[in-house]
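To keep things clear, I will list the structure first and then write my remarks on it.
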Amino acid sequence: MADPRFFSLAGPFTLGRLAELSGAEMAPGADAGAVFSDVAALDAAGASDIGFLDNRKYMADFIASKAGACVVHPDMAPRAPAGMLLLLSPDPYRAYAHIAQAFYPVTPPEPWVAPTAWVDPTARIAEGCRIEPGAVIGARAEIGRRCRIGANVVVGDGVAIGDECVLGANATLSHAILGNRVVIYPGARIGQDGFGFAMGPEGHLKVPQLGRVVIGNGVEIGANTTIDRGAGPDTVIGDGCMIDNLVQIGHNVQLGRGCVIVAQVGISGSTRIGDFVAAGGQAGITGHLRIGSGARIAAQSGVMRDIAAGETVGGAPAVPMAEWLRQSALLGKLGRRKGRLPPE
C-alpha cells in the first residue's frame, strides 16, 4: 500500500470494473464481482490486492505471489498460482497503469492564493487554481483553470499556461506558451536565453534570442531540466512528450509528438526530431540535425549525423545498432588477443 501521508486511495473496485477501466479481459472462470482494495507489487501483495507481471524476470515472484488478482499477458497465464484471478492483456503494464490511476487518481487542487504569493494586477487567473507561498505571477500572464502553481515558482511576464497544469516548486518560466495538462517538475527552467552569440577575436557578440518555447498538451518536463527559447523560430515540444530530469534542450529545437527523452540527454540548437523518438540517458545530439520519426538512440550515444525514421543507433559517433554491436565485439576480441583483457 502507498503511504497514506502522501497518496489518497480510492476504491474498492470489482474485478469486472477493473477490467473495464484497463481494457483487459477476465480469464475464463474469473469472478467479476470479486472486490479489490489496492494495487501492490507481486512479492508484497495480499488477497485483496491486484498486481501485474510484465517482465519474465519476475516470474518467480508471480508464481509465489499471494495477490488476489494479477494483470498478465495471456502467454503467462498458465504459470499463475492456484486461486489467483487474472486479467489478460497484450500490454499488462499499460493496463496496470489504468488500474493504478483508478486507485490513486490525481485530485484537483484546492483553490487558494497564498498571502505571500505575488500576482501582478494585469495577470489573468482562471477559476480553481492554487498558487502557493512565494510564487510570482508576472504582468499579463495567463493561467488556465485548475492549475497548481508550486511554492516559489516564477511565471514571467506574458507567459500563457493552459488548463490543469502543474508547476513544481522553484520552477521558472519565461517567454513560454503551454498547452493543457502540462506537468513541470521542481527546479525546471523554461524559456531562458538560448546559447547564441557571434564568435570573434574582438569578443563574442550576443545574438538576441527573440523566439519562445511552445509546449503542447500532456507534456511532462522533469526536475532541473532546461529548455531554451528560440533565437527567432520557436523551440517546440510536441504533444505527449515525456522529458526526464536534467535534460538540456537548446534553442530552436523541435520535438514531435510523444518523444521520450531520458535523463541527462543534451540536444543542441536547431535540431528537429520527429514523432515518438526515444533517446536514452546521457545521449548527446549535435545541432542542426534531422532525427526521423520512430528513431531510437541508445544511452550515451553521440549523434553527429541525421538519423532516418525508424533507425536504431548506438555508440559515439552513433552508428546503426547492429554495426555498433559488431564494433564492440571486435574491440573486446582485439583486447583479449593482445593480452590486455582477462579471458571471458
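Laboratory data are not the source of any read-out in this text; all were calculated from the coordinates shown. Predicted model, so just to flag it, every value in this text is computed and none were measured. All Cβ positions, glycine included, derive from the backbone under ideal geometry; neighbour counts span all protein chains shown.
Once the C-beta distance of Arg272 and Phe6 is scaled by a Förster radius of 41 Å, the resulting FRET efficiency is 0.55 to the nearest 0.05. Candidate cross-link partners of Lys206 among the aspartates and glutamates, defined by an alpha-carbon separation under 19 Å and a same-chain spacing of 8 or more, comprise Asp193, Asp228, Asp234.
So for the range 171-344: antiparallel DSSP bridges make up what percent, rounded to the nearest 5?
Of all bridge pairs located within the range 171-344, approximately 10 percent are antiparallel.
Put in line by how crowded their Cβ is, counting other Cβ atoms within 10 Å and starting with the fewest, Leu21, Leu205 read Leu205, Leu21.
Restricting the count to DSSP beta bridges whose residues both fall in the chain, what percent are antiparallel, rounded to a multiple of 5?
Numbers: 8 of 73 bridges.
Once the DSSP bridges in the chain are tallied, antiparallel ones form about 10 percent.
Ordered by the count of other Cβ atoms within 10 Å of each Cβ, fewest first, Arg148, Arg79 give Arg79, Arg148. Which values of log₁₀ I(q)/I(0), to two decimal places, follow from the Debye formula for the chain at q = 0.10, 0.13 Å⁻¹ with a uniform point scatterer at every Cα? So the normalised log intensities are -0.79, -1.09. Normalised by 2.2 N^0.38 Å, with N the number of residues, the alpha-carbon radius of gyration of the range 178-244 equals 1.29. Let me know the whole percent of all Cα-Cα pairs from the range 13-103 that are separated by more than 18 Å. So the portion of pairs separated by more than 18 Å is 30 percent.
May I ask for the percentage of alpha-carbon pairs in the range 171-344 that lie more than 28 Å from each other? Considering the range 171-344, 29 percent of its Cα-Cα pairs are separated by more than 28 Å. Charge tally around Tyr93: other residues with Cβ under 14 Å, Lys/Arg +1 each, Asp/Glu -1 each, net +1. For the range 123-263, the orientation-averaged shadow of the C-alpha convex hull comes to 8.2 nm² (one quarter of the hull surface). Relative to its Kirkwood radius, the Cα radius of gyration of the range 256-344 gives an Rg/Rh of 1.09. Summing Lys, Arg as +1 and Asp, Glu as -1, what charge do residues with Cβ under 13 Å from the Cβ of Val213 carry, Val213 excluded? Taking every other residue near Val213 into account, the sum is 0. The slack in the chain from Val260 to Leu331, taken as 0.36 nm per residue of separation less the alpha-carbon distance, amounts to 22.5 nm. Measuring how big the range 126-170 is from its alpha-carbon positions, Rg and Dmax come out at 9.2, 23 Å.
Could you please rank Thr14, Thr271, Thr122, Thr225, placing first whichever residue has the fewest other Cβ atoms within 10 Å of its Cβ?
With the sparsest Cβ surroundings first, the list reads Thr122, Thr14, Thr271, Thr225.
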